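Okay, so here's the structure we're looking at.
The values are calculated or read from the model by the stated rules, or taken from the named source; none is laboratory data. Remember, predicted model here, so these are calculated numbers, not experimental data. With ideal geometry, Cβ positions are generated from the backbone for all residues, glycine too; neighbour counts draw on all protein chains shown. Areas reflect the complete protein model, heavy atoms only, side chains present, ligands, DNA and RNA absent. Shrake-Rupley method; radii C 1.70, N 1.55, O 1.52, S 1.80 Å.
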Amino acid sequence: VQLQASGGGSVQAGGSLRLSCAASVSTRSIDVIGWFRQAPGKQREPVASLSNSDSTHYPDSVKGRFTISRDNAKNTVYLQMNNLKPEDTAIYYCHAVSIATLTESWGQGTQVTVSS
């Protein structure tokens, strides 16, 4: 699976951004698709996931502010990020997992910068 991420940028605290992840296959065929982020000097961490049964998961740090969704017609998954905080500043990566083949795919990162 090839993933193409886009939509990063710079915003002030309290602002919003929407990231897009275009997949080379139907997102319904992907067991779990989601987003990770990595801030400078920190480990990569998950921020949202969406299963092929539409189950979602968010860590407490973004719960209530971030929403993951999909557009089946466009083979695209979105991450709507609202009420952004400076600590959300990171490179965001799209990620996909296929359980049957035990494979994972990463998209290129997209930078999100939130200023106070």
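Annotations
- Residue that is surrounded by the fewest Cβ atoms within 10 Å (Cβ to Cβ) [pool: residues in region 25-51 that are assigned to a loop (DSSP other than H, G, I, E, B) and under 16 Å from the mean Cα position of the chain (by Cα)]: Q43
- Residues of region 99-112 that are open to solvent by 40 Å² or more (accessible area, probe 1.4 Å) and closer than 14 Å to R37 by Cα: W106, Q108, Q111.
- Any hit, region 67-85, residues being in contact (Cβ under 8 Å) with a residue 12 or more places away in the chain, open to solvent by 70 Å² or more (accessible area, probe 1.4 Å) and either aliphatic (A, V, I, L, M) or in contact with a Pro (Cβ under 9 Å, 6 or more places away or on another chain) (or both): no
- Qualifying residue in region 91-98 (condition: of a type in the set (V, I, T), out of contact with any Pro (no Cβ under 9 Å at 6 or more places or on another chain) and exposed (fewer than 14 other Cβ atoms within 10 Å of the Cβ)): no
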